[in-house]
Amino acid sequence: MLFSPRKNRRLRLNPVMDRPGVYLVGQPSTRAARATFHQYAQQLASSDWHKQSGFIATSSTLVPYLPVRSNLFLNGTEHDLNLLPADMRNSMFLNQPSSQLHGIDILLVQLLREVLAGKQVVVAGTILDQLSGPEIRRLLNTARELCVHQAVTLVILTTNAALAATADYPVTGTPPLLVPRNVEA
């Protein structure tokens, strides 16, 4: 919970999203998901959470000419490679140019970059909608473990209603991500 002296209130995560972990927010269409993504981005950017929040877009935000290792540490000072899945810790993977990554590896590197940068809340676009079943399972399992271990809340938007219903923390509609709580004097 962060304190904002100028606003004299505390901002906390919505009670629906108050535990670290992965939350899937079902959306009726890609257009609605885009609007929700932008709504969350604006809400976090205009709050005291702006430094503790990160985003994963559906398109890659990796710097293609930098190696994976440099992309991972682009935003942060944390260099704990033990946070990475075992198959991503080897120097062959870490030293390859990011332009050689595909599919789920791009998404995992983006997520790991946000976590290594110390972000507490990460909002992801419809990244699951472009993956196969095994890729979705791998991403969600890795994300769950990482988020719980690092106390991160990951909100993933999806247009796949069946997938959203199977989540540990399914969310329907578009709840506000942050809620104010007045500070008593």
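The values are calculated or read from the model by the stated rules, or taken from the named source; none is laboratory data. Predicted model, so just to flag it, every value in this text is computed and none were measured. Ideal geometry is used to build each Cβ from the backbone, glycine not excepted, and the neighbour counts take in all protein chains shown. The area values use the complete protein model at the heavy-atom level, side chains included, leaving out ligands, DNA and RNA. Shrake-Rupley method; radii C 1.70, N 1.55, O 1.52, S 1.80 Å.
So here's what we get for this one:
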quantity	calculated
Meets criteria (within 14 Å of Ala124 (Cβ to Cβ) and either surrounded by fewer than 17 Cβ atoms within 10 Å (Cβ to Cβ) or in contact with a Lys or Arg (Cβ under 6 Å, 6 or more places away or on another chain) (or both)) for His50	no
The one condition in (1) open to solvent by less than 20 Å² (accessible area, probe 1.4 Å); (2) at pLDDT below 85 that Arg10 fails to fulfil	(1)
The range 53-84, residues that are hydrophobic (A, V, I, L, M, F, W, C), surrounded by 17 or more Cβ atoms within 10 Å (Cβ to Cβ) and not in a loop (DSSP other than H, G, I, E, B)	Phe55, Ile56, Val68, Leu72, Leu83
Number of the exception - Ser47 against (1) assigned to a helix (DSSP H, G or I); (2) among the hydroxyl-bearing types (Ser, Thr, Tyr); (3) closer than 16 Å to Thr153 by Cβ	(1)
Residue pairs meeting the criteria (Cβ under 8 Å; at least 6 apart or on separate chains; first touching a residue at least 40 places away in the same chain (Cβ under 8 Å) and of a type in the set (Gly, Ala, Ser), in the range 22-46; second surrounded by fewer than 17 Cβ atoms within 10 Å (Cβ to Cβ) and part of a helix (DSSP H, G or I))	Gly26/Ala161; Gly26/Ala165
Any chance Ile136 is open to solvent by less than 10 Å² (accessible area, probe 1.4 Å) and either under 27 Å from Arg31 (Cα atoms) or of a type in the set (Ser, Thr, Tyr) (or both)	no
Verdict on Asp129 being open to solvent by 40 Å² or more (accessible area, probe 1.4 Å), within 21 Å of Arg34 (Cβ to Cβ) and in contact (Cβ under 8 Å) with a residue 24 or more places away in the chain	yes
